[in-house]
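J.: Got a structure for you, questions after.
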Amino acid sequence: MTHRALWPLMAAGALLIACSGGRALETATPAPPTSPTSIPASTSSPTPATPTVTAGAVATVIAVTTPTTPNTNAVTVAAPLDLTRIAIPPGNGALIVVDPGHGGDEIGAASNGIVEKDSNLEMARRVQRLLTESGYRVIMTRVDGGRAVGGIDGPGQPQGFSAQRRDLQARIDVANAANAALFVSLHSNGLNDPSANGIETYYNSQRPFSAQSRVLAETIQSTVISEMSRTGYRVRDRGALDDSCLRAFQGQCFPLFVLGPPRITTRDEIHRRGGDPAALGFTDGQDAIASRATLMPGVLVELLFTSNYEDSRLLSDDTARETMARGVVLGIARYLTENPR
(Lines give C-alpha, C1' and ligand atoms only; values in the text may rest on other atoms or scores of the structure.)
Protein backbone atom coordinates (compact mmCIF):
# COMPACT_ATOMS: atom_id res chain seq x y z
CA MET A 1 0.00 0.00 0.00
CA THR A 2 1.07 3.54 -0.18
CA HIS A 3 2.95 4.90 2.73
CA ARG A 4 4.43 8.02 4.25
CA ALA A 5 6.41 9.19 1.25
CA LEU A 6 3.74 8.05 -1.23
CA TRP A 7 1.06 10.04 0.59
CA PRO A 8 0.19 12.11 -2.55
CA LEU A 9 -1.04 8.94 -4.24
CA MET A 10 -3.72 8.45 -1.60
CA ALA A 11 -6.75 10.40 -0.51
CA ALA A 12 -5.81 12.91 2.19
CA GLY A 13 -6.11 12.32 5.90
CA ALA A 14 -5.87 9.37 8.19
CA LEU A 15 -8.34 7.15 6.35
CA LEU A 16 -5.68 5.29 4.42
CA ILE A 17 -6.28 1.59 4.29
CA ALA A 18 -2.72 1.10 5.37
CA CYS A 19 0.50 2.95 5.97
CA SER A 20 4.10 1.90 6.30
CA GLY A 21 5.51 0.55 9.49
CA GLY A 22 7.55 3.06 11.37
CA ARG A 23 10.72 1.11 12.04
CA ALA A 24 14.04 2.69 11.13
CA LEU A 25 14.81 1.97 7.50
CA GLU A 26 17.76 -0.06 6.35
CA THR A 27 20.41 1.78 4.38
CA ALA A 28 21.60 -0.92 2.04
CA THR A 29 21.95 0.21 -1.58
CA PRO A 30 19.49 -1.69 -3.78
CA ALA A 31 20.53 -3.51 -6.90
CA PRO A 32 19.92 -1.61 -10.14
CA PRO A 33 16.47 -2.18 -11.59
CA THR A 34 15.81 -4.21 -14.66
CA SER A 35 12.79 -4.24 -16.89
CA PRO A 36 9.53 -4.40 -14.94
CA THR A 37 7.87 -7.75 -14.72
CA SER A 38 4.20 -8.46 -14.45
CA ILE A 39 2.45 -10.24 -11.61
CA PRO A 40 2.28 -13.97 -12.36
CA ALA A 41 -0.91 -15.88 -12.60
CA SER A 42 -1.79 -18.11 -9.67
CA THR A 43 -0.48 -21.64 -9.84
CA SER A 44 -4.04 -22.83 -9.32
CA SER A 45 -7.33 -21.48 -10.47
CA PRO A 46 -8.40 -18.55 -8.31
CA THR A 47 -12.05 -19.44 -8.79
CA PRO A 48 -13.50 -19.86 -5.30
CA ALA A 49 -15.21 -23.02 -4.20
CA THR A 50 -17.72 -20.90 -2.32
CA PRO A 51 -19.64 -17.72 -3.08
CA THR A 52 -17.96 -14.42 -2.36
CA VAL A 53 -19.00 -10.86 -1.84
CA THR A 54 -19.12 -8.92 -5.08
CA ALA A 55 -20.20 -5.65 -3.43
CA GLY A 56 -18.67 -4.21 -5.99
CA ALA A 57 11.70 6.24 11.88
CA VAL A 58 8.75 4.91 14.53
CA ALA A 59 5.77 7.21 14.90
CA THR A 60 5.90 9.19 18.11
CA VAL A 61 3.41 7.72 20.54
CA ILE A 62 1.20 10.39 22.01
CA ALA A 63 -1.90 10.27 24.12
CA VAL A 64 -4.90 9.04 22.16
CA THR A 65 -7.61 11.66 22.28
CA THR A 66 -11.26 11.48 21.38
CA PRO A 67 -12.64 14.17 19.08
CA THR A 68 -14.90 16.68 20.78
CA THR A 69 -18.52 15.63 20.37
CA PRO A 70 -20.08 18.00 17.82
CA ASN A 71 -23.48 19.63 18.02
CA THR A 72 -25.93 16.87 18.95
CA ASN A 73 -29.10 18.54 17.75
CA ALA A 74 -29.31 15.66 15.30
CA VAL A 75 -28.34 12.03 15.72
CA THR A 76 -24.85 11.30 14.45
CA VAL A 77 -25.10 8.98 11.47
CA ALA A 78 -22.69 6.66 9.71
CA ALA A 79 -21.73 6.10 6.11
CA PRO A 80 -24.42 4.47 3.93
CA LEU A 81 -24.73 0.73 4.48
CA ASP A 82 -24.49 -1.25 1.25
CA LEU A 83 -24.80 -5.01 1.63
CA THR A 84 -27.18 -5.70 -1.23
CA ARG A 85 -24.88 -8.14 -2.97
CA ILE A 86 -23.38 -10.02 -0.05
CA ALA A 87 -23.48 -13.82 -0.14
CA ILE A 88 -22.52 -15.86 2.90
CA PRO A 89 -20.79 -19.13 1.92
CA PRO A 90 -22.22 -22.33 3.38
CA GLY A 91 -20.19 -24.79 5.41
CA ASN A 92 -19.10 -25.47 8.96
CA GLY A 93 -15.60 -24.00 8.77
CA ALA A 94 -14.76 -20.66 10.33
CA LEU A 95 -15.68 -17.70 8.13
CA ILE A 96 -12.72 -15.49 7.17
CA VAL A 97 -13.03 -12.11 5.47
CA VAL A 98 -10.11 -11.57 3.11
CA ASP A 99 -9.71 -7.93 2.15
CA PRO A 100 -7.60 -7.09 -0.94
CA GLY A 101 -6.49 -3.53 -0.20
CA HIS A 102 -7.25 -0.58 -2.51
CA GLY A 103 -9.32 -0.73 -5.69
CA GLY A 104 -10.94 1.49 -8.25
CA ASP A 105 -8.96 4.64 -8.93
CA GLU A 106 -6.99 4.13 -5.71
CA ILE A 107 -4.16 1.95 -6.96
CA GLY A 108 -1.92 1.95 -3.88
CA ALA A 109 1.85 1.63 -4.28
CA ALA A 110 3.17 1.18 -7.81
CA SER A 111 6.84 0.54 -8.61
CA ASN A 112 9.05 -1.85 -10.56
CA GLY A 113 6.17 -3.20 -12.62
CA ILE A 114 3.96 -3.96 -9.60
CA VAL A 115 0.62 -2.19 -9.16
CA GLU A 116 -0.50 -2.81 -5.62
CA LYS A 117 -4.27 -2.99 -6.07
CA ASP A 118 -3.81 -5.74 -8.69
CA SER A 119 -1.14 -7.53 -6.69
CA ASN A 120 -3.35 -7.46 -3.58
CA LEU A 121 -6.28 -8.98 -5.44
CA GLU A 122 -4.19 -11.75 -6.98
CA MET A 123 -2.68 -12.56 -3.58
CA ALA A 124 -6.12 -12.56 -1.97
CA ARG A 125 -7.33 -15.10 -4.54
CA ARG A 126 -4.47 -17.39 -3.60
CA VAL A 127 -5.28 -17.04 0.08
CA GLN A 128 -8.97 -17.63 -0.65
CA ARG A 129 -8.20 -20.80 -2.59
CA LEU A 130 -5.91 -22.22 0.09
CA LEU A 131 -8.36 -21.41 2.88
CA THR A 132 -11.26 -22.97 0.98
CA GLU A 133 -9.24 -26.10 0.27
CA SER A 134 -8.52 -26.29 4.00
CA GLY A 135 -12.22 -26.26 4.91
CA TYR A 136 -12.70 -22.61 5.79
CA ARG A 137 -15.38 -20.34 4.40
CA VAL A 138 -14.17 -17.14 2.75
CA ILE A 139 -15.66 -13.80 1.81
CA MET A 140 -13.66 -11.42 -0.37
CA THR A 141 -14.41 -7.72 0.09
CA ARG A 142 -13.75 -7.20 -3.62
CA VAL A 143 -13.33 -9.68 -6.47
CA ASP A 144 -12.30 -7.39 -9.32
CA GLY A 145 -10.41 -4.16 -9.94
CA GLY A 146 -13.16 -1.98 -8.48
CA ARG A 147 -13.90 -1.00 -4.92
CA ALA A 148 -15.62 -2.99 -2.20
CA VAL A 149 -18.89 -1.13 -2.72
CA GLY A 150 -20.34 -1.04 -6.21
CA GLY A 151 -21.13 2.05 -8.23
CA ILE A 152 -19.00 4.63 -6.46
CA ASP A 153 -16.43 5.09 -9.20
CA GLY A 154 -17.00 7.00 -12.40
CA PRO A 155 -18.77 10.17 -13.54
CA GLY A 156 -21.33 11.55 -11.11
CA GLN A 157 -20.18 9.29 -8.28
CA PRO A 158 -18.39 10.21 -5.04
CA GLN A 159 -14.72 10.92 -5.62
CA GLY A 160 -11.59 11.24 -3.51
CA PHE A 161 -12.20 11.33 0.24
CA SER A 162 -15.90 10.44 -0.03
CA ALA A 163 -15.29 7.41 -2.25
CA GLN A 164 -12.48 6.16 -0.04
CA ARG A 165 -14.48 6.59 3.16
CA ARG A 166 -17.45 4.66 1.77
CA ASP A 167 -15.16 1.98 0.35
CA LEU A 168 -13.42 1.37 3.68
CA GLN A 169 -16.69 1.40 5.60
CA ALA A 170 -18.15 -1.14 3.19
CA ARG A 171 -15.30 -3.57 3.90
CA ILE A 172 -16.01 -3.34 7.61
CA ASP A 173 -19.76 -3.69 7.11
CA VAL A 174 -19.31 -6.84 5.01
CA ALA A 175 -17.28 -8.49 7.78
CA ASN A 176 -19.75 -7.49 10.49
CA ALA A 177 -22.83 -8.55 8.54
CA ALA A 178 -21.29 -11.95 7.90
CA ASN A 179 -20.34 -12.38 11.58
CA ALA A 180 -16.86 -13.32 10.41
CA ALA A 181 -14.36 -14.93 12.75
CA LEU A 182 -11.43 -12.89 11.42
CA PHE A 183 -10.71 -9.90 9.17
CA VAL A 184 -7.44 -10.14 7.20
CA SER A 185 -6.44 -7.28 4.90
CA LEU A 186 -3.68 -7.85 2.34
CA HIS A 187 -1.37 -5.11 1.05
CA SER A 188 2.17 -4.33 -0.03
CA ASN A 189 4.26 -1.37 1.04
CA GLY A 190 5.78 1.47 -0.95
CA LEU A 191 8.23 4.20 -0.02
CA ASN A 192 10.45 6.77 -1.74
CA ASP A 193 13.44 5.19 0.00
CA PRO A 194 14.17 2.12 -2.16
CA SER A 195 16.21 0.47 0.59
CA ALA A 196 13.10 -0.09 2.76
CA ASN A 197 12.08 -3.72 2.53
CA GLY A 198 10.46 -6.64 4.28
CA ILE A 199 7.15 -7.89 5.66
CA GLU A 200 5.14 -6.51 8.58
CA THR A 201 1.71 -7.10 10.08
CA TYR A 202 -0.46 -4.53 11.88
CA TYR A 203 -3.02 -4.88 14.65
CA ASN A 204 -4.79 -2.29 16.81
CA SER A 205 -4.29 -2.20 20.59
CA GLN A 206 -7.37 -0.06 21.32
CA ARG A 207 -10.10 -2.63 20.63
CA PRO A 208 -11.99 -4.96 23.04
CA PHE A 209 -10.33 -7.92 21.28
CA SER A 210 -6.87 -6.34 20.96
CA ALA A 211 -5.09 -9.26 22.63
CA GLN A 212 -6.53 -11.64 20.03
CA SER A 213 -5.61 -9.31 17.17
CA ARG A 214 -2.05 -9.05 18.47
CA VAL A 215 -1.71 -12.84 18.65
CA LEU A 216 -3.17 -13.17 15.15
CA ALA A 217 -0.71 -10.57 13.82
CA GLU A 218 2.25 -12.25 15.52
CA THR A 219 1.19 -15.67 14.28
CA ILE A 220 0.69 -14.63 10.64
CA GLN A 221 3.92 -12.62 10.67
CA SER A 222 5.80 -15.62 12.02
CA THR A 223 4.37 -18.15 9.58
CA VAL A 224 4.88 -15.95 6.51
CA ILE A 225 8.52 -15.30 7.42
CA SER A 226 9.04 -18.97 8.28
CA GLU A 227 7.54 -20.20 5.01
CA MET A 228 9.63 -17.77 2.97
CA SER A 229 12.78 -18.92 4.76
CA ARG A 230 11.87 -22.60 4.41
CA THR A 231 11.35 -22.14 0.68
CA GLY A 232 14.68 -20.40 0.30
CA TYR A 233 13.63 -16.74 0.20
CA ARG A 234 15.41 -14.29 2.45
CA VAL A 235 13.19 -11.40 3.56
CA ARG A 236 13.36 -8.88 6.37
CA ASP A 237 11.08 -9.54 9.35
CA ARG A 238 9.66 -6.14 10.34
CA GLY A 239 7.47 -7.68 13.01
CA ALA A 240 3.90 -7.33 14.29
CA LEU A 241 3.18 -3.64 14.91
CA ASP A 242 0.52 -1.66 16.77
CA ASP A 243 -1.20 0.84 14.47
CA SER A 244 -3.07 2.78 17.19
CA CYS A 245 -0.99 5.90 16.61
CA LEU A 246 0.25 5.27 13.11
CA ARG A 247 -0.63 8.83 12.16
CA ALA A 248 -0.74 11.84 14.48
CA PHE A 249 -2.38 15.15 13.57
CA GLN A 250 -2.99 18.11 15.86
CA GLY A 251 -2.44 16.01 18.97
CA GLN A 252 -4.78 13.22 17.89
CA CYS A 253 -3.84 9.67 16.93
CA PHE A 254 -5.23 7.99 13.84
CA PRO A 255 -5.01 4.23 13.25
CA LEU A 256 -5.75 2.35 10.06
CA PHE A 257 -9.44 2.80 9.32
CA VAL A 258 -10.21 -0.90 8.88
CA LEU A 259 -8.55 -1.89 12.16
CA GLY A 260 -9.27 1.03 14.49
CA PRO A 261 -12.14 1.91 16.82
CA PRO A 262 -15.18 3.90 15.65
CA ARG A 263 -14.39 7.53 14.90
CA ILE A 264 -16.36 10.72 14.51
CA THR A 265 -15.73 13.04 11.58
CA THR A 266 -17.32 16.48 11.39
CA ARG A 267 -18.95 18.07 8.38
CA ASP A 268 -16.26 20.75 8.45
CA GLU A 269 -13.49 18.14 8.29
CA ILE A 270 -15.14 16.44 5.33
CA HIS A 271 -15.30 19.78 3.49
CA ARG A 272 -11.65 20.46 4.30
CA ARG A 273 -10.70 17.08 2.83
CA GLY A 274 -12.67 17.69 -0.32
CA GLY A 275 -15.46 15.26 0.53
CA ASP A 276 -19.20 15.44 -0.02
CA PRO A 277 -21.22 15.21 3.23
CA ALA A 278 -24.35 14.09 1.37
CA ALA A 279 -22.47 11.19 -0.23
CA LEU A 280 -21.50 10.05 3.26
CA GLY A 281 -25.02 10.05 4.64
CA PHE A 282 -25.32 13.50 6.18
CA THR A 283 -28.80 14.95 6.53
CA ASP A 284 -29.83 18.59 6.86
CA GLY A 285 -28.54 19.96 10.15
CA GLN A 286 -26.24 16.99 10.63
CA ASP A 287 -22.74 18.02 11.67
CA ALA A 288 -20.92 14.73 12.24
CA ILE A 289 -20.63 11.21 10.93
CA ALA A 290 -19.74 8.12 12.96
CA SER A 291 -17.92 5.15 11.49
CA ARG A 292 -18.70 1.53 12.30
CA ALA A 293 -15.71 -0.57 13.38
CA THR A 294 -15.06 -4.27 12.88
CA LEU A 295 -16.48 -6.59 15.53
CA MET A 296 -13.84 -9.31 15.28
CA PRO A 297 -10.06 -9.65 15.55
CA GLY A 298 -8.29 -8.31 12.52
CA VAL A 299 -4.90 -7.60 11.01
CA LEU A 300 -3.40 -5.91 7.99
CA VAL A 301 -0.47 -7.71 6.35
CA GLU A 302 2.13 -5.76 4.35
CA LEU A 303 3.74 -8.25 1.98
CA LEU A 304 7.03 -6.64 0.91
CA PHE A 305 7.76 -3.27 -0.71
CA THR A 306 6.96 -2.61 -4.35
CA SER A 307 9.53 0.20 -4.18
CA ASN A 308 12.40 -2.13 -3.26
CA TYR A 309 14.10 -3.88 -6.17
CA GLU A 310 14.60 -7.27 -4.49
CA ASP A 311 11.14 -7.22 -2.88
CA SER A 312 9.51 -6.37 -6.19
CA ARG A 313 11.30 -9.31 -7.80
CA LEU A 314 9.74 -11.59 -5.19
CA LEU A 315 6.34 -9.99 -5.80
CA SER A 316 6.82 -10.93 -9.48
CA ASP A 317 7.78 -14.52 -8.67
CA ASP A 318 4.97 -17.07 -8.74
CA THR A 319 6.58 -19.41 -6.20
CA ALA A 320 7.33 -16.58 -3.79
CA ARG A 321 3.76 -15.33 -4.04
CA GLU A 322 2.35 -18.79 -3.40
CA THR A 323 4.71 -19.14 -0.43
CA MET A 324 3.52 -15.88 1.11
CA ALA A 325 -0.11 -16.86 0.57
CA ARG A 326 0.56 -20.22 2.21
CA GLY A 327 2.20 -18.44 5.14
CA VAL A 328 -0.85 -16.24 5.63
CA VAL A 329 -3.17 -19.25 5.57
CA LEU A 330 -0.98 -21.27 7.94
CA GLY A 331 -1.04 -18.33 10.36
CA ILE A 332 -4.82 -18.09 10.21
CA ALA A 333 -5.20 -21.84 10.68
CA ARG A 334 -2.76 -21.93 13.60
CA TYR A 335 -4.49 -19.02 15.29
CA LEU A 336 -7.96 -20.57 14.92
CA THR A 337 -6.70 -23.94 16.17
CA GLU A 338 -5.18 -22.40 19.28
CA ASN A 339 -7.95 -19.81 19.75
CA PRO A 340 -11.22 -21.43 18.64
CA ARG A 341 -14.10 -19.03 18.34
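The values are calculated or read from the model by the stated rules, or taken from the named source; none is laboratory data. What you are looking at is a predicted structure, and each value in this text was computed from that prediction instead of being measured. Virtual Cβ from ideal backbone geometry, glycine too; neighbours counted across all protein chains shown.
J.: Within segment 161-192, which residues are part of a strand (DSSP E or B) and under 26 Å from A290 (Cα atoms)?
T.: Selection gives L182, F183, V184, S185, L186, H187.
J.: Just the residues that are buried (at least 18 other Cβ atoms within 10 Å of the Cβ) and modelled with pLDDT under 90, please, taken from segment 248-262.
T.: Matches in segment 248-262: C253, F254.
J.: Between G160, G190, which is of a type outside the set (S, T, N, Q) and touching a His at 6+ places or on another chain (Cβ under 7 Å)?
T.: Of G160, G190, the one residue that is of a type outside the set (S, T, N, Q) and touching a His at 6+ places or on another chain (Cβ under 7 Å) is G190.
J.: Still on this structure, please answer the following. Among R273, R236, which is surrounded by fewer than 21 Cβ atoms within 10 Å (Cβ to Cβ), touching a Phe, Trp or Tyr at 6+ places or on another chain (Cβ under 6 Å) and more than 27 Å from N179 (Cβ to Cβ)?
T.: The conditions single out R273.
J.: Would you pick out the residues in segment 130-160 that are modelled with pLDDT under 85 and in a helix (DSSP H, G or I)?
T.: Once the filter is applied, which keeps residues that are modelled with pLDDT under 85 and in a helix (DSSP H, G or I), segment 130-160 yields only G160.
J.: Can you find, within segment 276-307, the residue that is surrounded by the fewest Cβ atoms within 10 Å (Cβ to Cβ) among those that are part of a loop (DSSP other than H, G, I, E, B), out of contact with any strand residue (DSSP E or B) (no Cβ under 8 Å at 6 or more places or on another chain) and not acidic (D, E)?
T.: Only one residue fits best here, namely G285.
J.: A follow-up question, please. Show the residue pairs meeting these rules: Cβ distance below 6 Å; 6+ apart or different chains; first residue within segment 245-267 and at negative phi and part of a strand (DSSP E or B); second residue surrounded by 20 or more Cβ atoms within 10 Å (Cβ to Cβ) and aliphatic (A, V, I, L, M).
T.: Between residues of segment 245-267 that are at negative phi and part of a strand (DSSP E or B) and residues that are surrounded by 20 or more Cβ atoms within 10 Å (Cβ to Cβ) and aliphatic (A, V, I, L, M), the close pairs are I264/A288; T265/I289; T266/A288.
J.: Only one of S213, S226, S195 is outside any loop (DSSP other than H, G, I, E, B) and surrounded by fewer than 20 Cβ atoms within 10 Å (Cβ to Cβ); which?
T.: Only one candidate passes the filter, namely S226.
J.: If I ask for residues that are within 19 Å of the chain's Cα centre (by Cα) and among the polar types (S, T, N, Q), which ones from segment 319-333 would you list?
T.: Within segment 319-333, no residue meets the criteria.
J.: Within segment 239-270, can you find the residues that are more than 25 Å from G101 (Cα to Cα) and either touching a Phe, Trp or Tyr at 6+ places or on another chain (Cβ under 8 Å) or of a type in the set (G, A, S) (or both)?
T.: Within segment 239-270, G251, R267 meet the criteria.
J.: Being outside any loop (DSSP other than H, G, I, E, B) and over 20 Å from the mean Cα position of the chain (by Cα) is the filter here, so list the residues in segment 234-244 that pass it.
T.: Result: no residue meets the conditions.
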